[in-house]
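> One structure is given below, represented as structure tokens, and several questions about it will come after.
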Amino acid sequence: MTSARALLRRHLERARARTTALTSIPETELVRQHSPLMSPLVWDLAHIANQEERWLARTVGRAAPIVDGIDDLYDAFRHPRATRPSLPLLGPEEARRYAEAVRESTWKVLEHNDFDDDLTRDGFVFAMVAQHEQQHDETMLATHQLRQGPPLLDAPPAPRTGTPPPQVRVRIPAGEVEIGTSTDPWALDNERPAHRVFVPEFEIDAVPVTNGRYLGFVADGGYSRPELWSEEGWRHRCEAGLEAPQFWRFDDDSGWTRTMFGKTVPLHPDEPVVHVCFHEAEAFARWAGGRLPTEAEWEKAARWDPATGRSRRYPWGDDDPTADHANLGQRHLGPAVVGAYPRGASPLGVHQLIGDVWEWTSSPFEGYPGFRAFPYREYSEVFFGDGYRVLRGGSFGTDEIACRGTFRNWDLPIRRQIFAGVRVAYGEGDV
Ligand code: AVJ
Ligand code: FE
């Protein structure tokens with residue numbers, strides 16, 4: 001139990017160090033709304049603290065509110081993002097002080113809790129709070145990507161050399177596979193319960209789609225050929241005027257460049273494409289002679305071990321990720337070239353499933369058979385059946401605690417401010 005507590009403490013501290021780094025910027029940048037899709041960063045900061053207080057200090061520790069009357073301001077369901085800047089939010093200094101006060105009470109709760117009920121078993125609710133903070137840290141990173149002006153963040157570049165795997169596509173044989181988990185102690189409600197699914201034979205790209213390959217689609221008129229797009233996708237492409245991934249730019253002098261966190265750089269042909277919406281991913285896949293993988297296909301490619309028939313936690317095994325396995329955790333402010341993480345490959349030879357870019361799947365976001373909302377309906381259940389699509393695998397902006405072979409992310413099919421890319425599947429499948 002002592003070591004479980006120490007581990008949870010480390011995860012909570014790591015999350016806070018990242019939140020602090022993302023919010024140690026001029027006050028004007030913290031309170032400004034950089035995009036109508038995003039909250040002001042100062043909202044995320046106090047929302048992180050408010051969720052932590054709700055679950056740890058108040059629910060587990062039975063403490064009274066630290067600051068009266070602010071719950072409503074930080075309830076994501078009461079106020080759409082676009083209206084958050086006009087609320088009487090805590091200012092930057094007040095938000096920081098509030099977050100520190102909450103964290104002090106968290107340490108007391110963690111110290112005295114026996115981990116002996118549904119919520120706290122194996123430290124679940126503490127890990128849930130650490131995952132929640134890290135998820136907002138990825139959202140805040142996306143807000144940084146949307147802001148205008150000189151760079152505020154810096155990190156060493158992601159690996160620029162890699163050995164692309166020998167096979168371009170990997171064949172995944174037909175058969176049953178275990179999807180989801182009933183045993184991973186910190187898995188969230190939508191990853192549960194484990195269940196078996198028959199997946200017909202299919203093929204999948206050994207690496208995510210690169211900028212170079214995506215440029216082929218752009219150059220081949222991909223954005224002006226309705227037959228490559230779904231009806232809904234084509235309508236969106238026209239209304240939004242899409243012509244290339246978000247943050248790409250072409251001019252006669254420099255050719256194709258893209259802007260990442262305030263820096264404009266030449267488009268690297270071997271890096272995974274990022275900032276495409278579901279509709280673009282789907283059109284690209286059709287152009288490439290394939291389709292998007294289903295969630296079950298993606299998970300089988302990522303977890304299935306042909307030697308044992310078991311589903312692993314990660315493509316490389318059950319051990320937590322290291323810097324050799326995957327580009328996670330905001331160590332770099334962009335994806336690494338394909339082939340940069342041979343140690344992270346799956347048994348059948350599929351690379352970079354975890355980290356670098358989230359991968360769009362064709363699957364709508366739904367509960368698994370036997371789904372039970374836990375501990376609150378607003379984490380997953382209220383989003384089921386509402387047009388959201390599932391993304392898998394995590395990005396360079398995702399922390400390891402919020403990323404595993406079973407982890408499910410979701411967003412609307414028109415969204416491209418998230419760090420999302422594409423991997424193509426081939427074959428008839430079960431779609
Ligand atoms: C799982 C990333 C879709 O940001 O909406 C944060 C995570 N849930 N606070 C989101 C989440 C509540 C969620 N995603
Ligand atoms: Fe949240």
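> Looking at the range 420-430, can you tell me whether even one residue there is modelled with pLDDT under 95, buried (at least 17 other Cβ atoms within 10 Å of the Cβ) and either more than 16 Å from ligand 2 (Cβ to nearest atom) or among the aliphatic types (A, V, I, L, M) (or both)?
yes
> A further question follows. Being within 16 Å of ligand 1 (Cβ to nearest atom) and surrounded by fewer than 20 Cβ atoms within 10 Å (Cβ to Cβ), is that true of even one residue in the range 90-107?
Checking the range 90-107: not a single residue is within 16 Å of ligand 1 (Cβ to nearest atom) and surrounded by fewer than 20 Cβ atoms within 10 Å (Cβ to Cβ).
> What's the number of the condition residue 77 fails, among (1) within 16 Å of ligand 1 (Cβ to nearest atom); (2) closer than 12 Å to residue 39 by Cα; (3) modelled with pLDDT under 95?
Going through (1) within 16 Å of ligand 1 (Cβ to nearest atom); (2) closer than 12 Å to residue 39 by Cα; (3) modelled with pLDDT under 95 one by one, residue 77 breaks only (2).
> Considering only the range 1-112, give the helices (runs of 4 or more DSSP H) lying wholly within it that have at least 3 residues that are in contact (Cβ under 8 Å) with a residue 24 or more places away in the chain, more than 16 Å from ligand 2 (Cβ to nearest atom) and outside the structural domain of residue 397 (by TED's automatic domain parsing).
Working: elements: 2-23, 27-31, 41-52, 92-112.
Of the helices (runs of 4 or more DSSP H) lying wholly inside the range 1-112, those with at least 3 residues that are in contact (Cβ under 8 Å) with a residue 24 or more places away in the chain, more than 16 Å from ligand 2 (Cβ to nearest atom) and outside the structural domain of residue 397 (by TED's automatic domain parsing) span 2-23, 27-31, 92-112.
> How many residues does the range 9-37 hold that are hydrophobic (A, V, I, L, M, F, W, C), within 21 Å of the chain's Cα centre (by Cα) and either modelled with pLDDT of 95 or more or within 17 Å of residue 132 (Cβ to Cβ) (or both)?
Residues meeting the conditions: 5.
> Given the structure, is residue 23 of a type in the set (S, T, N, Q) and more than 16 Å from ligand 1 (Cβ to nearest atom)?
yes
> Separate question: Can you name the residue in the range 108-130 that is β-branched (Val, Ile, Thr) and within 27 Å of the chain's Cα centre (by Cα) and is also surrounded by the fewest Cβ atoms within 10 Å (Cβ to Cβ) among such residues?
Checked the range 108-130; the qualifying residue surrounded by the fewest Cβ atoms within 10 Å (Cβ to Cβ) is 120.
> Within the range 59-73, can one find any residue that is out of contact with any helix residue (DSSP H, G or I) (no Cβ under 9 Å at 6 or more places or on another chain) and closer than 22 Å to residue 124 by Cβ?
Yes, the range 59-73 contains a residue that is out of contact with any helix residue (DSSP H, G or I) (no Cβ under 9 Å at 6 or more places or on another chain) and closer than 22 Å to residue 124 by Cβ.
> Please enumerate the residues belonging to the range 299-320 that are in a loop (DSSP other than H, G, I, E, B) and either without any contact (Cβ under 8 Å) to a residue 12 or more places away in the chain or surrounded by fewer than 24 Cβ atoms within 10 Å (Cβ to Cβ) (or both).
Once the filter is applied, which keeps residues that are in a loop (DSSP other than H, G, I, E, B) and either without any contact (Cβ under 8 Å) to a residue 12 or more places away in the chain or surrounded by fewer than 24 Cβ atoms within 10 Å (Cβ to Cβ) (or both), the range 299-320 yields 305, 306, 307, 308, 309, 310, 312, 313, 316, 318, 319, 320.
> I need the strands (runs of 3 or more DSSP E) fully contained in the range 134-214, keeping only those with at least 3 residues that are surrounded by 21 or more Cβ atoms within 10 Å (Cβ to Cβ).
On the way: elements: 169-172, 175-179, 195-199, 202-205.
In the range 134-214, 202-205 are the strands (runs of 3 or more DSSP E) which contain 3 or more residues that are surrounded by 21 or more Cβ atoms within 10 Å (Cβ to Cβ).
The values are calculated or read from the model by the stated rules, or taken from the named source; none is laboratory data. If you're wondering where the values come from, they're calculated on a predicted model, not measured in any experiment. Note: ideal-geometry Cβ built from the backbone for every residue, glycine included; neighbour counts use all protein chains shown.
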